[in-house]
Amino acid sequence: MQLRNLLYVSLVLLIAAGLAGAQTWQPLNHQPNFAAGTLHLLTDGTVVVHHEDGNSGYTDWWKFTPDINGSYVNGTWSQIASLSSNYGPESFGSAVLADGRMIIEGGEQNFADYVWTNLGAIYDPLANTWTPVNPPSGWSTIGDASTVVLANKKLMLANCCTEQQALLDPTTLTWTPTGSGKFDGNDEEGWTLLPNGEVLTVDCYTSDYNPDGTNSELYNPGTGSWSSAGSTVVQLWDSHGSYETGPAVLRPNGTVFATGANGAGPGNTSIYNVNAGTWTPGPTFPGMLDIADGPAALLPDGNVLVDTSPGIFQLGVQFFEFDGTNLNPVPGNPNSMIDSSWYGQFLMLPTGQIMYTDLSNDVEIYTPTGSPYPGLAPSAILTTAVITRGSTFRLAGFRFNGASQDAMYGDDAQNATNYPIVRFTNQSTGHVFYARTHDHNTMAVGYNGPAYTYVDVPSNMETGASYLEVVVNGIASPRYPIGIN
């Protein structure tokens, strides 16, 4: 990981002059004036982005707001509260909680020093404040941690440098140890939430339990323990010194597409069948491409967008969409030739587009071409024909948490969007307003049963006849007519 700072210098030395964006990529019309890194979708439709530039950043965060027509390409930036002066993380764990707050934990670096910090903080978007979060008892490190919000809404956190995990109660901000029986340390592992509530990970070290380097594990939240998920058949992590691996994305058909980094050769992939509990090797990335840290995202049509580059931390990004069988190349963006896979992060937007950051001030939007995967659209049950600006109401329905966490990276970043977003569109003007949702009843993926969330109706939205939509992972419900007074 220490190689990253040296490679990052190439971003400021090279200029992507004369490169034209492909049709599927579009730059923001209002680009940031900072190096854009980790990004999250808040439940009000805005995006918060970490400033990852050591000159003045690390503690700074920015908010990106779509325009009045709902366009993210035409959105605008505003700065939000900064972290405390002692906490400037890079490569950290993070999540949007079911109550609408965002939490960040640890950091491989703190102000560019490799200390694997145990600091953390939680952001309240209503108060625009960060509050420090104490680490789990006895933890001197958190570092580049994995996180996942479980179906029961508790945050599960890894200690990068040990075999420890802990659960955070978001109401009391207290930690409880969990994760007995872990086969190896957590370092470099990513976590994928499954429809049965379990968490899947691929081990990144050989051990007595993993002699051939292909072991995977399952965390059971009911027992708080780990067990083997079987052999991935092909190795998915780099055993040539970096121990890196790629992201693993749950798809709507009940399989997990797991990607690899192999250092001395092309990157393997493997596919985990959740119901059968078995692994099958997937396609190998062409040439010397792999994902030694890097993003992937589930697109609305069920394909998985991935960001690859050659070897370990080398330059020259190539993007692919995995359709369940094949890795289909898609065009690059202006920075592709000077990026490495680990620079990038994906975020699924309510429009079904992907926002892409790469530690530069060129933020791009990827627009996929496929139609939404059948049967994934959320639905709502409206109990009133008219709602009032500035009020809060409970909205019930089905499929409010999507088929997957969606965007994945691994131990250095998490960008899940498996929670409901509510969008209003005025029938007369066409103007779009996002409402803040919070306190959803579950964070379970692939859940088709009854669901609900609380909706804060914007006080500044236009009155009159409107449409209400629920959006999860870029897939919208039907439009429901509703009046705003």
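The values are calculated or read from the model by the stated rules, or taken from the named source; none is laboratory data. Every value quoted in this text rests on a predicted model; they were computed, and no experiment measured them. Cβ atoms come from the backbone with ideal geometry, glycine included; neighbour counts cover every protein chain shown.
Here Ala112, Ala121 are screened, and the one residue that is modelled with pLDDT under 95 and farther than 24 Å from Ala297 by Cβ is Ala112. Condition check for Gly185 on (1) surrounded by 15 or more Cβ atoms within 10 Å (Cβ to Cβ); (2) touching a residue at least 40 places away in the same chain (Cβ under 8 Å): one failure, at (2). Taking the stretch 302-323 as the range and being assigned to a loop (DSSP other than H, G, I, E, B) and either in contact with a strand residue (DSSP E or B) (Cβ under 9 Å, 6 or more places away or on another chain) or within 15 Å of Met348 (Cβ to Cβ) (or both) as the test, the residues that pass are Gly302, Asn303, Gly311, Ile312, Leu315, Gly316, Val317, Asp323.
Annotation for the stretch 5-26: at least one member residue is within 21 Å of the chain's Cα centre (by Cα) and at pLDDT 95 or above. Scanning the stretch 129-148 turns up no residue that is out of contact with any Pro (no Cβ under 7 Å at 6 or more places or on another chain), crowded, with 19+ Cβ neighbours inside 10 Å, under 22 Å from Tyr409 (Cα atoms) and among the aromatic types (Phe, Trp, Tyr). Among the residues of the stretch 286-312, those that are within 13 Å of Gly260 (Cα to Cα) and over 18 Å from the mean Cα position of the chain (by Cα) comprise Pro286, Met288, Leu289, Asp290, Ser309, Pro310, Gly311, Ile312. The number of residues in the stretch 303-344 that are farther than 22 Å from Thr38 by Cα and polar (S, T, N, Q) comes to 4. Taking Ser137, is it among the hydroxyl-bearing types (Ser, Thr, Tyr) and either in the same structural domain as Ala444 (by TED's automatic domain parsing) or farther than 18 Å from Leu39 by Cα (or both)? Against the criterion (among the hydroxyl-bearing types (Ser, Thr, Tyr) and either in the same structural domain as Ala444 (by TED's automatic domain parsing) or farther than 18 Å from Leu39 by Cα (or both)), Ser137 qualifies. Filtering the stretch 106-147 to residues that are in contact (Cβ under 8 Å) with a residue 60 or more places away in the chain, farther than 18 Å from Thr171 by Cβ and not in a loop (DSSP other than H, G, I, E, B) leaves only Tyr114.
Regarding Gly70, is this residue modelled with pLDDT under 95, crowded, with 18+ Cβ neighbours inside 10 Å and outside any strand (DSSP E or B)? Taking the combined requirement at face value, the residue does not satisfy it.
Residues that are more than 18 Å from the chain's Cα centre (by Cα) number at least 3 in the following strands (runs of 3 or more DSSP E) confined to the stretch 326-410: 327-330, 379-381, 392-398. Based on this model, can you work out whether Gln414 counts as touching a His at 6+ places or on another chain (Cβ under 9 Å) and part of a loop (DSSP other than H, G, I, E, B)? Answer is yes for this residue.
Here Trp279 fulfils each of the conditions (1) free of Cβ contacts under 8 Å to residues at least 60 places away in the same chain; (2) more than 22 Å from Asn415 (Cα to Cα); (3) part of a strand (DSSP E or B) apart from (1).
Here is a yes/no grid of residues against (1) crowded, with 18+ Cβ neighbours inside 10 Å; (2) of a type in the set (Phe, Trp, Tyr); (3) touching a residue at least 40 places away in the same chain (Cβ under 8 Å); (4) in contact with a helix residue (DSSP H, G or I) (Cβ under 7 Å, 6 or more places away or on another chain):
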{"site": "Thr417", "(1), (2), (3), (4)": "yes, no, yes, no"}
{"site": "Ser428", "(1), (2), (3), (4)": "no, no, no, no"}
{"site": "Val432", "(1), (2), (3), (4)": "yes, no, yes, no"}
{"site": "His438", "(1), (2), (3), (4)": "yes, no, yes, no"}
{"site": "Tyr447", "(1), (2), (3), (4)": "yes, yes, yes, no"}
{"site": "Ala465", "(1), (2), (3), (4)": "no, no, no, no"}
{"site": "Leu468", "(1), (2), (3), (4)": "yes, no, yes, no"}
{"site": "Arg479", "(1), (2), (3), (4)": "no, no, yes, no"}
{"site": "Asn485", "(1), (2), (3), (4)": "no, no, yes, no"}
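Residues that are surrounded by fewer than 18 Cβ atoms within 10 Å (Cβ to Cβ) and assigned to a loop (DSSP other than H, G, I, E, B) within the stretch 54-67 comprise Gly54, Asn55, Ser56, Asp67, listed in sequence order.
Among the residues of the stretch 225-268, those that are of a type outside the set (A, V, I, L, M), within 22 Å of Trp342 (Cα to Cα), assigned to a strand (DSSP E or B) and at pLDDT 95 or above comprise Phe257, Thr259.
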